[in-house]
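In what follows, a single structure is set out as structure tokens and then discussed.
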Amino acid sequence: MAKRSKIAQAAYDIAKPEAEKMGLELVDAEFKKEGQKTFLRLFIDKKGGLNIDDCENFSRLIDPILDEQLKHDADYFEVSSPGLTRPLTEPADFRRYSDEKIEVSLFKEVDGVKNFLGTIKDVTDEKVLFEYDDGKEIELKYDELARAVRHIEF
């Protein structure tokens, strides 16, 4: 689970069911002070990707709900995509990109491998199975992954 401040976690808990009703996945929430201002950001995603209308529609829906239910007011509120190359950290992240290529770095070598490009083949709450190098498979627990990001080809 992502580490969030109490305010960000409260916003996440309020917004998650509303996102699901719209066919979106609430990926994360953050509450940050930047300079003299505070920002509450919600990050949403959906299979196939987001467009600006998804962000705008969700923002319009959730803003008054947060105003009513959240105990803290941010100076600025934003809804955004988490970005193409954001790190995958949770089982839901890996499920979302099942059958896609992922760039993986491990904290230490496993079966002689520390970095590889693999395709997500199976995901459980405890581990993920990758296929790499023309059919080789490696099953890893999440705490073995130093970094995992989508492989984007242009």
**Request:** Scan the range 81-97 for residues that are without any contact (Cβ under 8 Å) to a residue 60 or more places away in the chain and surrounded by 15 or more Cβ atoms within 10 Å (Cβ to Cβ) and jot them down.
**Result:** Ser81, Pro82, Pro91, Phe94, Arg95, Tyr97
**Item:** Residue that is surrounded by the most Cβ atoms within 10 Å (Cβ to Cβ), among those in the range 138-149 that are under 19 Å from Thr85 (Cα atoms) and touching a strand residue (DSSP E or B) at 6+ places or on another chain (Cβ under 6 Å)
**Value:** Ala148
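Would you pick out the residues in the range 3-29 that are within 17 Å of Asp53 (Cα to Cα) and part of a helix (DSSP H, G or I)?
Glu18, Ala19, Glu20, Lys21
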**Asked** Considering only residues of the range 52-78 that are of a type in the set (A, V, I, L, M, F, W, C) and in a loop (DSSP other than H, G, I, E, B), which is farthest from Gln36 (Cα to Cα)?
**Response** Leu70
**Asked** Name the pairs: first residue in the range 33-51 and in the same structural domain as Tyr12 (by TED's automatic domain parsing) and assigned to a strand (DSSP E or B), second residue buried (at least 16 other Cβ atoms within 10 Å of the Cβ) and among the basic types (Lys, Arg), Cβ to Cβ under 9 Å, at least 6 apart or on different chains?
**Response** Asp45/Arg96
**Prompt:** Is there any pair with a first residue in the range 101-123 that is assigned to a strand (DSSP E or B) and surrounded by fewer than 16 Cβ atoms within 10 Å (Cβ to Cβ) and a second that is of a type in the set (Phe, Trp, Tyr) and modelled with pLDDT of 95 or more whose Cβ atoms are under 6 Å apart and which are 6 or more apart or on different chains, and what are they?
**Reply:** none
**Message:** Of everything in the range 124-137, what is surrounded by 16 or more Cβ atoms within 10 Å (Cβ to Cβ) and farther than 14 Å from Glu100 by Cβ? Give them in sequence order.
**Reply:** Lys127
**Message:** Taking the conditions exactly as written (under 13 Å from the mean Cα position of the chain (by Cα), under 17 Å from Glu78 (Cβ atoms), assigned by TED's automatic domain parsing to the domain that holds Asp73 and among the small types (Gly, Ala, Ser)), does Ala15 satisfy them or not?
**Reply:** no
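The values are calculated or read from the model by the stated rules, or taken from the named source; none is laboratory data. Values in this document were obtained by computation on a predicted structure and should not be read as measured data. With ideal geometry, Cβ positions are generated from the backbone for all residues, glycine too; neighbour counts draw on all protein chains shown.
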